[in-house]
Amino acid sequence: MKILTIIGARPQFIKAATVSRLLHGNKYSEIDEIIVHTGQHYDHNMSQSFFNELNMPAPDYNLEVGSGTHGQQTGAIMSSLEKVVELENPDWMLVYGDTNSTLAAALVAAKKPCQLAHVEAGLRSYRRGMPEEVNRIVTDRLSDLLFCPTILAKKNLITEGRNNNVFVTGDVMYDSFLYYNKEINHASVMHKYNLLSSKYLLVTIHRAENTDDKKSLSNIISALRYIARKVEVVFPMHPRTKKMVNEFSLSLEGIKVIDPVPYLTMISLLSNAKAVVTDSGGLQKEAYFAKKICLTIRDETEWIETLENGWNHLVSTCDEFDIVDNLNKALEIDNSNFKYKHYYGSGNAASIIIDALISPV
Ligand code: UD1
């Protein structure tokens, strides 16, 4: 059996890492995995550093599409990927998440045609203006096999009338979290960034709706600057965010801005943080895995389970003082009271996925 794995953006490297590790091990030696990197993310610290650290096999193809508008990026991936699919003639195309790379690959698979399997199926924000929501809906509709990380994600698909070949697998990011956590030297990360455990807020902001709107980004940054007077604020900054902060001439005074960090460093920064502030779907969930209070700077989340008991809290960007208020409250919460529930499986999502690909029904 030949599987063509298509990845291109930072979180997809983390998601694919556990599945690829198993596919390249002895147990599944009858499966040939061909990895295609679309090139959506290309900076060393957004791409290659993940392959190095997660011990991922180097991509067999790099389409090197780079940045562009949604149409340019999606079209460029489709046009190059089509040739790879013709050459490789895979049994399955395996896609992850909800990026433009996911969408482009789903469209190519549907038109070849080639069987398509979607990891992280069934998630919905129910906000159509969000690029990722469009990518998810289309990818799910075109997929032959749907791998849902949670029961709720499966319910979403059933509500949309899809209930055949839908599997609840658990979350591949939880697999990665458990597996790679063992390899982290926390003391060395704290030393490198000159941080004290539990004494800082970890922040990531990169969603277009937050970064590309001046009022939203300025409210977020002002609130962070205010809270930085009380607690250290560590902000590994996505290139998109950096670009917009410069464009809007926003001051970052008092905030410890660092370059995007590799996965193990991120998990360490998270595990030692007092609380997390983010608009990332992945980090919200990883905060839950790490049993940390999280403020999600968005009006909605696809990871509804994390909201239970307030461990993840949604905060709108409309009001800077509301963000500060919620940050202050988050700092008061004692993480040791966290009651973890296994919404995201037990760390074996990757093997469930591969077994289903081998014998889908
Ligand atoms: C993409 C995904 C988003 C995912 C995120 C993870 C889509 C629609 N969005 O958003 O779902 O959560 O990846 O990070 O696919 N840039 C660089 N270097 C890079 C990559 C990007 O400088 O290596 C800059 C460019 O200015 C680029 C901008 O970041 O235009 C945005 O990159 P893009 O890949 O379009 O979207 P992300 O915001 O990263």
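Give me the pairs: first residue in the range 39-51 and among the charged types (D, E, K, R), second residue part of a helix (DSSP H, G or I) and within 8 Å of the ligand (Cβ to nearest atom), beta-carbon distance under 7 Å, and six or more apart or on different chains, which are they?
Taking only residues 6 or more apart or on different chains, the pairs are ASP43/PRO239.
For the range 271-309, what are the residues that are under 23 Å from TYR126 (Cβ atoms) and small (Gly, Ala, Ser)?
Scanning the range 271-309 gives SER280, GLY281, GLY282, ALA287.
Name the pairs: first residue in the range 146-165 and among the basic types (Lys, Arg), second residue part of a loop (DSSP other than H, G, I, E, B) and crowded, with 23+ Cβ neighbours inside 10 Å, Cβ to Cβ under 8 Å, at least 6 apart or on different chains?
Note: pairs meeting the criteria are LYS154/GLY122; LYS155/GLY122.
Here is a list of conditions, (1) away from the ligand (no atom under 12 Å from the Cβ); (2) at pLDDT 95 or above; (3) over 19 Å from LEU145 (Cα atoms); (4) of a type in the set (S, T, N, Q), and GLN115 meets all of them except one; can you say which number that is?
The failed condition is (3).
Output yes when any residue across the range 168-187 is outside any loop (DSSP other than H, G, I, E, B), more than 20 Å from the chain's Cα centre (by Cα), closer than 13 Å to SER268 by Cα and at pLDDT 95 or above, and no when none is.
Yes, the range 168-187 contains at least one residue that is outside any loop (DSSP other than H, G, I, E, B), more than 20 Å from the chain's Cα centre (by Cα), closer than 13 Å to SER268 by Cα and at pLDDT 95 or above.
Taking ASN272 and the conditions (1) over 30 Å from ARG128 (Cβ atoms); (2) polar (S, T, N, Q); (3) within 16 Å of the ligand (Cβ to nearest atom), which numbered condition does it fall short on, given that it satisfies the others?
Of (1) over 30 Å from ARG128 (Cβ atoms); (2) polar (S, T, N, Q); (3) within 16 Å of the ligand (Cβ to nearest atom), only one is false for ASN272: (3).
Would you check if SER218 is part of a helix (DSSP H, G or I), polar (S, T, N, Q), under 21 Å from GLY129 (Cβ atoms) and touching a residue at least 12 places away in the same chain (Cβ under 8 Å)?
Criteria met by SER218.
Taking the range 1-46 as the region of interest, how many residues are within 11 Å of the ligand (Cβ to nearest atom), of a type in the set (S, T, N, Q) and surrounded by fewer than 22 Cβ atoms within 10 Å (Cβ to Cβ)?
Qualifying residue count, the range 1-46: 1.
Name the pairs whose Cβ atoms lie under 7 Å apart, with the first residue in the range 231-249 and farther than 16 Å from SER67 by Cβ and touching a residue at least 24 places away in the same chain (Cβ under 8 Å), the second of a type in the set (D, E, K, R) and not in a loop (DSSP other than H, G, I, E, B), and 6 or more positions between them or separate chains?
If the second residue must be of a type in the set (D, E, K, R) and not in a loop (DSSP other than H, G, I, E, B), the pairs left are GLU232/LYS256; VAL233/LYS256; VAL234/LYS256; PHE235/LYS256; PHE248/LYS214.
The values are calculated or read from the model by the stated rules, or taken from the named source; none is laboratory data. Owing to the predicted nature of the structure, the values given are computational and were not obtained by experimental measurement. Neighbour counts are summed over all protein chains in view; Cβ atoms, including those assigned to glycine, are modelled from backbone coordinates with ideal geometry.
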